[in-house]
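In what follows, a structure is listed as structure tokens, so that the remarks can point back to it.
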Amino acid sequence: MIKRINELKKMSLGPDIIGVAPASRFDKEDPIFKILPETRSVICLAYRVLRGTHRGIEEGTSYHHFTTMAIEVLDETVMPMMMLRCARIIEEEGYTALPQRRSQQIMQETDSTNPEMLYNKIYRGIWNEYQMDFEASAAKCGVGEIGMSGSLLTEDFGPLQRYCFVLTDAEIEPTEEFKPHICDGCGECAKACPGHAIHDGIKEPWQCAAYYAGANMSKNPFMSTHALPDREDRLEILKGEKQLTAEDARDVINNISYYPPIMHSYISSICGKACDRACYIHLEEKGVLKKRFKEKFRKREEWTLDVK
């Protein structure tokens with residue numbers, strides 16, 4: 001069966017990386033056993049995020065491509081189709097298969113948010129026990145390791161991939177567990193965040209959400225010069241120097257929306273995951289990524305705008 005599953009990589013729009021973990025790698029209280037109690041194997045299907053989708057934000061010229069092609073199309077179209085194909089292979093062999101995509105609008109925490117989604121479109125504190133930990137599960141499947149910013153890092157693409165899973169009661173030959181060696185703790189991800197949302201390896205979600213949406217005027221060409229006129233801490237916020245509460249973040253997001261959202265309630269990313277880009281640039285410069293390109297990703301000095 002593993003041979004047929006690996007052949008998915010050869011298909012049109014097939015996954016770039018496939019990893020398989022036996023159920024024994026997961027704690028007995030892990031959500032996978034509540035989702036499918038008979039789980040014996042977890043299959044991770046990972047897709048590269050095209051470098052080209054980052055170019056517009058890197059150059060400050062075009063923004064919708066990243067959210068549309070690197071997030072929405074992968075999560076809503078490409079990966080669901082491939083999960084179904086993988087599940088059909090398994091069920092043709094007489095086993096049960098259950099696809100698991102990231103539930104962007106459902107969160108375990110009641111006081112948190114998902115920066116990729118409109119905060120008022122998220123359902124919080126429900127179905128807690130049925131939500132997989134995507135990053136941890138991908139690492140258990142041997143796909144990669146968790147970096148300092150919390151992103152999954154792989155040997156081919158660094159932090160530039162998205163992934164989904166298939167749970168099954170079939171025992172499938174597992175992938176060897178990944179030995180962490182990619183992240184060197186350089187801190188470039190934290191330095192690059194326009195809102196300084198990463199501290200001691202923890203990403204503060206509300207801070208991340210506000211600056212993901214473009215709260216830092218120096219990195220947002222769409223920001224009105226009259227943004228946040230009623231706030232005394234206006235310049236602190238626009239420079240990324242203010243530590244925002246959840247209430248602050250909601251107010252800021254409500255008042256800096258100058259770029260249209262993408263379908264399915266996805267926020268149009270203005271920072272373009274600056275943490276991931278900085279991580280990728282660092283790993284590329286170190287020469288540790290197996291997937292090589294003709295030119296370096298960062299070709300010139302990083303641009304910035306005046307904050308007024």
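The values are calculated or read from the model by the stated rules, or taken from the named source; none is laboratory data. Nothing here was measured: the structure is a model prediction, and the numbers come from that model. Note: ideal-geometry Cβ built from the backbone for every residue, glycine included; neighbour counts use all protein chains shown.
When region 124-173 is filtered for residues that are surrounded by fewer than 18 Cβ atoms within 10 Å (Cβ to Cβ), touching a residue at least 60 places away in the same chain (Cβ under 8 Å) and aliphatic (A, V, I, L, M), nothing remains.
Taken together, the criteria exclude G214 from residues that are assigned to a loop (DSSP other than H, G, I, E, B) and farther than 20 Å from K121 by Cβ. When region 196-221 is filtered for residues that are farther than 30 Å from Q108 by Cα and crowded, with 20+ Cβ neighbours inside 10 Å, the ones remaining, listed by number, are M217, K219, N220.
When the test is whether a residue is under 25 Å from Y258 (Cβ atoms) and in contact with a strand residue (DSSP E or B) (Cβ under 6 Å, 6 or more places away or on another chain), A210 does not pass it.
Of all residues in region 57-74, which are assigned to a helix (DSSP H, G or I) and within 21 Å of S265 (Cα to Cα)? Hits for region 57-74 are I57, H64, H65, F66, T67, T68, M69, A70, I71, E72, V73, L74. Only one of the numbered conditions (1) charged (D, E, K, R); (2) at pLDDT 95 or above; (3) touching a helix residue (DSSP H, G or I) at 6+ places or on another chain (Cβ under 7 Å) is not met by E129, and that is (2).
Condition check ((1) closer than 24 Å to K140 by Cα; (2) under 16 Å from the mean Cα position of the chain (by Cα); (3) in a loop (DSSP other than H, G, I, E, B)) across all residues:
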{"site": "Y163", "(1), (2), (3)": "yes, yes, no"}
{"site": "A170", "(1), (2), (3)": "yes, no, yes"}
{"site": "E177", "(1), (2), (3)": "yes, no, yes"}
{"site": "H181", "(1), (2), (3)": "yes, no, yes"}
{"site": "K191", "(1), (2), (3)": "no, no, no"}
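Assess whether I90 counts as being outside the structural domain of P205 (by TED's automatic domain parsing), in a helix (DSSP H, G or I), buried (at least 19 other Cβ atoms within 10 Å of the Cβ) and touching a Ser or Thr at 6+ places or on another chain (Cβ under 6 Å). Yes. Any idea which of S112, S151 is of a type in the set (S, T, Y) and closer than 22 Å to E29 by Cβ? Being of a type in the set (S, T, Y) and closer than 22 Å to E29 by Cβ holds for just one of S112, S151, which is S112. Listed by first and then second residue, the pairs linking a residue in region 109-123 that is not assigned by TED's automatic domain parsing to the domain that holds P194 to a residue that is in a strand (DSSP E or B) and of a type in the set (F, W, Y), with Cβ atoms under 9 Å apart and 6 or more places separating them unless they lie on different chains, are E116/Y266; M117/Y266; L118/Y266. Across region 93-104, which residue is modelled with the lowest pLDDT among those that are in a loop (DSSP other than H, G, I, E, B) and in contact with a helix residue (DSSP H, G or I) (Cβ under 8 Å, 6 or more places away or on another chain)? Within region 93-104, the match that is modelled with the lowest pLDDT is Q104. Of E59, E38, E109, which residue is over 30 Å from I126 (Cα atoms), of a type in the set (D, E, K, R) and exposed (fewer than 15 other Cβ atoms within 10 Å of the Cβ)? Exactly one of E59, E38, E109 is over 30 Å from I126 (Cα atoms), of a type in the set (D, E, K, R) and exposed (fewer than 15 other Cβ atoms within 10 Å of the Cβ), namely E59.
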